[in-house]
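Student: Sharing a structure with you now.
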Amino acid sequence: MSNFFDIRCPKCGADDQIDIAATVWLRVMEDGTDADQSEDGDHDFEPTSPATCNACGFTGRVQDFEQEEKAGIVTTNKIAELNDLCRTAMGVAGRLFQTAGINALPFADQSAIREKVETFDAFTPDNDPHGERDFGAFEHNGERIFWKIDYYAPDMEHGSEDAADPQKAVRVLTIMLASEY
């Protein structure tokens, strides 16, 4: 979160382009007004104050921006960031598993496929309905390739209870031929 108030746009997730209508104390001066000269100097707003996201145009009240955070946008964004790290730091920020079909390909193809996984950014509501960036599919030399990130508890025998907490989730990135799915 990049703002002091821990608010985020419920539509696009931006947290650094939110404008809020606020009451500002000003000192009336000879040449106009000056907020810095005011004895109070506060900028006050309430949960019901109007707010707008300049990144996507969403308009609502401050409480609308707070409620979405509580509903899980922050958790989803954290999971997505950790999944991106798992893909871009294969074997370091998670475990890498290639299926037999991938391992049977020439090393140059395996390397090219891993690079396509690392740079994958074609996320859509169809392949990423929860916004966690944990699945992708693409073509390589006429073969359909899938990759998927799963979350395991540190014991590697159970599912993780919290995919947003790196202490409670071991990420396993599996790269496979679609025919192996």
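Student: Applying the selection to the range 22-45, what residues are surrounded by fewer than 13 Cβ atoms within 10 Å (Cβ to Cβ), modelled with pLDDT of 80 or more and assigned to a loop (DSSP other than H, G, I, E, B)?
Tutor: Of everything in the range 22-45, those that are surrounded by fewer than 13 Cβ atoms within 10 Å (Cβ to Cβ), modelled with pLDDT of 80 or more and assigned to a loop (DSSP other than H, G, I, E, B) turn out to be Glu30, Asp31.
Student: I'd like the full set of residues that are out of contact with any Ser or Thr (no Cβ under 8 Å at 6 or more places or on another chain) and surrounded by 10 or more Cβ atoms within 10 Å (Cβ to Cβ), limited to the range 130-142.
Tutor: The answer is Arg133, Asp134, Phe135, Gly136, Ala137, Phe138, Glu139, His140, Asn141.
Student: If you scan the range 130-143, which residues turn out to be outside any strand (DSSP E or B), within 20 Å of Gln98 (Cα to Cα), under 21 Å from the mean Cα position of the chain (by Cα) and not acidic (Asp, Glu)?
Tutor: Selection gives Arg133 alone.
Student: Looking at (1) modelled with pLDDT of 85 or more; (2) surrounded by 17 or more Cβ atoms within 10 Å (Cβ to Cβ); (3) not acidic (Asp, Glu), which is the only condition Ile73 fails?
Tutor: That leaves (1) as the condition not met.
Student: So which of Thr174, Thr119 is farther than 30 Å from Pro47 by Cα and open to solvent by 40 Å² or more (accessible area, probe 1.4 Å)?
Tutor: Going through Thr174, Thr119 in turn, the sole match is Thr119.
Student: Still on this structure, please answer the following. Out of all the residues in the range 144-164, which are open to solvent by 40 Å² or more (accessible area, probe 1.4 Å) and either farther than 18 Å from Thr119 by Cβ or in a loop (DSSP other than H, G, I, E, B) (or both)?
Tutor: Listed by number, the residues that qualify are Asp150, Tyr151, Tyr152, Pro154, Asp155, Met156, Glu157, His158, Gly159, Glu161, Asp162.
The values are calculated or read from the model by the stated rules, or taken from the named source; none is laboratory data. On a predicted model such as this, the values are computed, not experimentally measured, just so you know. Glycine gets a Cβ as well: all are built from the backbone with ideal geometry, and neighbour counts include every protein chain shown. Heads up: the accessible areas ignore ligands, DNA and RNA and are worked out on the full protein's heavy atoms, side chains in. Shrake-Rupley method; radii C 1.70, N 1.55, O 1.52, S 1.80 Å.
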